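Trainee: Starting off with a structure, shown below.
The values are calculated or read from the model by the stated rules, or taken from the named source; none is laboratory data. A quick note: this is a predicted structure, and the numbers were derived from the prediction, not measured. When we count neighbours, we look across all protein chains shown, and the Cβ atoms used for this are built from the backbone with ideal geometry, even at glycine. We work out accessible area using only protein heavy atoms, side chains counted, and drop any ligands, DNA or RNA first. Shrake-Rupley method; radii C 1.70, N 1.55, O 1.52, S 1.80 Å.
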Amino acid sequence: MTALLGIASRLKLARLIQIVPAGSARVPLLAPAGFAGGADIVLLDETQAEANPAAAASMTLVRAAAQETQGLTGYLGRPGREAGRGADVVCLSEDDHDPARARALLGRWTQIGRRCNTAAEIDAALADPEVGFLLVGPGREHLLHAADVAPPSDPAATPWFAVGGITQASLDAVLRTGARRVAVGGAIIDASDPEAAARGFKERLRAAWNADPAMEAVTMAAFAPGPGLSFAPDPGPAATELRP
């Protein structure tokens with residue numbers, strides 16, 4: 001018997017998303033490096049490219065790397081492209097605002113996210129029962145709004161990740177808005193040592209999380225008995241989802 005935290009619970013505990021271009025020739029390097037450095041999710045971004053057969057192969061590589069650390073596999077783009085590839089979390093592209101349609105395509109277990117660039121989009125995403133997480137930004141005012149309407153320290157709040165050109169130099173300013181989770185692209189994948197870059201972000205995020213007494217409630221809630229924690233037979237190396 002193996003105790004498995006469900007995808008939703010792991011998403012609540014996640015601090016760092018590493019964003020990687022889908023189909024990149026460097027995925028075999030970047031995915032393992034990101035997970036080894038502490039990324040909780042490696043998110044393949046297919047928003048800047050046409051549908052690419054290599055993206056499916058990339059997801060297979062990310063899934064294999066995730067198994068080593070119990071990380072989550074992620075996808076950013078059109079859900080119709082991702083259907084069948086098996087990502088744990090799927091964030092809809094900015095021009096796709098139909099989580100219900102995404103749910104029909106992706107099935108019951110995938111956590112669906114929204115990319116939010118305005119306060120109105122944040123509010124709409126939080127009101128949608130199909131939305132399990134948000135990517136918010138860029139813009140300090142948007143992060144402040146998200147922190148107000150979905151406090152990261154509230155175990156019942158939808159988790160959101162600050163996004164938009166975040167670097168080690170800008171991370172403190174992001175954390176001062178109340179953000180406790182971030183999604184990072186270039187500052188990790190363009191680094192000479194991506195694993196070390198991911199580790200640098202994760203250590204600072206962990207320190208900010210642990211220094212905020214209010215975040216203890218989020219951690220405790222994620223491990224509390226309930227829908228987030230189940231005991232089930234070991235599903236084997238290919239399974240990353242929690243089944244009833």
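Trainee: Can you tell me how much longer the chain between Ala156 and Glu141 gets when fully stretched, taken as 0.36 nm per residue apart minus their C-alpha distance, in nm with one decimal?
Mentor: Numbers: separation 15, 0.36 × 15 = 5.40 nm, distance 2.25 nm.
Extra length available between Ala156 and Glu141 comes to 3.1 nm.
Trainee: Another one. Once fully extended, how much extra length lies between Ala196 and Asp212, figured as 0.36 nm per residue of separation less the alpha-carbon to alpha-carbon distance? Mind showing how you got there, number by number?
Mentor: Details: separation 16, 0.36 × 16 = 5.76 nm, distance 2.46 nm.
So the extension gain works out to 3.3 nm.
Trainee: Would segment 90-152 count as rounded, prolate or oblate if I go by the C-alpha gyration tensor, calling it rounded below 1.5 in a/c and otherwise prolate when a/b exceeds b/c, oblate otherwise? Don't jump to the answer; show the numbers that get you there.
Mentor: Working: a/c = 2.42, a/b = 1.88, b/c = 1.28.
Cα axes put segment 90-152 in the prolate bin.
Trainee: A further question follows. Given the options Pro151, Pro28, Pro79, which has the most mean-square fluctuation in a GNM of the chain, springs set between C-alpha atoms less than 10 angstrom apart?
Mentor: Pro28
Trainee: Give the residue list of trypsin sites (Lys or Arg not before Pro) in segment 69-176 that are DSSP loop and have at most 16 other beta-carbon atoms within 10 angstrom. Let's see the in-between values first.
Mentor: Numbers: sites: Arg81, Arg85, Arg101, Arg103, Arg108, Arg114, Arg115, Arg140, Arg176; in loops: Arg85, Arg108.
Those that pass, being in a loop and sparsely packed, are Arg108.
Trainee: Can I ask one more? At a 1.4 Å probe, what is the % contribution of carbon and sulfur to the accessible area of segment 37-181?
Mentor: That share works out to 51 percent.
Trainee: Springs between alpha-carbon pairs under 10 angstrom, Gaussian network model over the chain: which of Ala119, Ala224, Ala56 fluctuates most?
Mentor: Fluctuation is largest for Ala224.
Trainee: On to the next question. Amide H neighbours of Thr73 under 5 Å, counting only residues 5+ apart in sequence or on other chains, H built in-plane at 1.01 Å?
Mentor: It is Asp88, Val89, by chain and number.
Trainee: For the chain, what does the relative contact order come out to in percent, with C-alpha contacts under 8 Å and a separation of six or more? Each step should come with its number before you reach the end.
Mentor: Values: 470 pairs, mean separation 64.0, N = 244.
Once normalised by length, the contact order is 26 percent.
Trainee: Just the accessible area per residue of the chain, please: how many Å² with a 1.4 Å probe?
Mentor: Working: 10590 Å² over 244 residues.
Ligands and nucleic acids excluded, the figure is 43 Å² per residue.
Trainee: Another question about this same structure. Work out how much length Ser170 to Arg101 would gain on full extension: take 0.36 nm times their residue separation and subtract the Cα-Cα distance, in nm to one decimal.
Mentor: Value of the extension gain: 21.3 nm.
Trainee: Beyond 24 Å, how much of the Cα-Cα pair distribution for the chain remains, as a whole percent? Present the calculation step by step, with values, prior to reporting the outcome.
Mentor: Values: 12113 of 29646 pairs.
Here the long-distance tail beyond 24 Å is 41 percent of all Cα pairs in the chain.
Trainee: With just the Cα atoms of segment 54-199, tell me how far they stretch along each of the three principal axes, in Å, largest first.
Mentor: 40, 38, 27
Trainee: Still on this model: Across segment 155-171, in residue order, what do the Karplus-derived ³J(HN,Hα) couplings come to in whole Hz, using 6.51 cos²θ - 1.76 cosθ + 1.60 with θ = phi - 60° and x for Gly and Pro?
Mentor: Per residue, the Karplus-derived 3J(HN,Hα) values read x, 8, 7, 5, x, 9, 10, 5, 8, x, x, 6, 10, 4, 5, 9, 4 Hz.
Trainee: Let me ask you something else. Cα-based Rg (one decimal) and Dmax (whole number) for segment 142-231, in Å?
Mentor: Reported Rg and Dmax, both Å: 14.3, 42.
Trainee: Nearest 500 deg cm²/dmol is fine: what mean residue ellipticity at 222 nm does the chain get from its DSSP H runs of n ≥ 4 alone, each adding -39,500 (n - 2.57), divided by its residue count? Please report the intermediate quantities before stating the final value.
Mentor: On the way: 11 runs with 99 residues, N = 244.
Here the helix-only value at 222 nm equals -11500 deg cm²/dmol.
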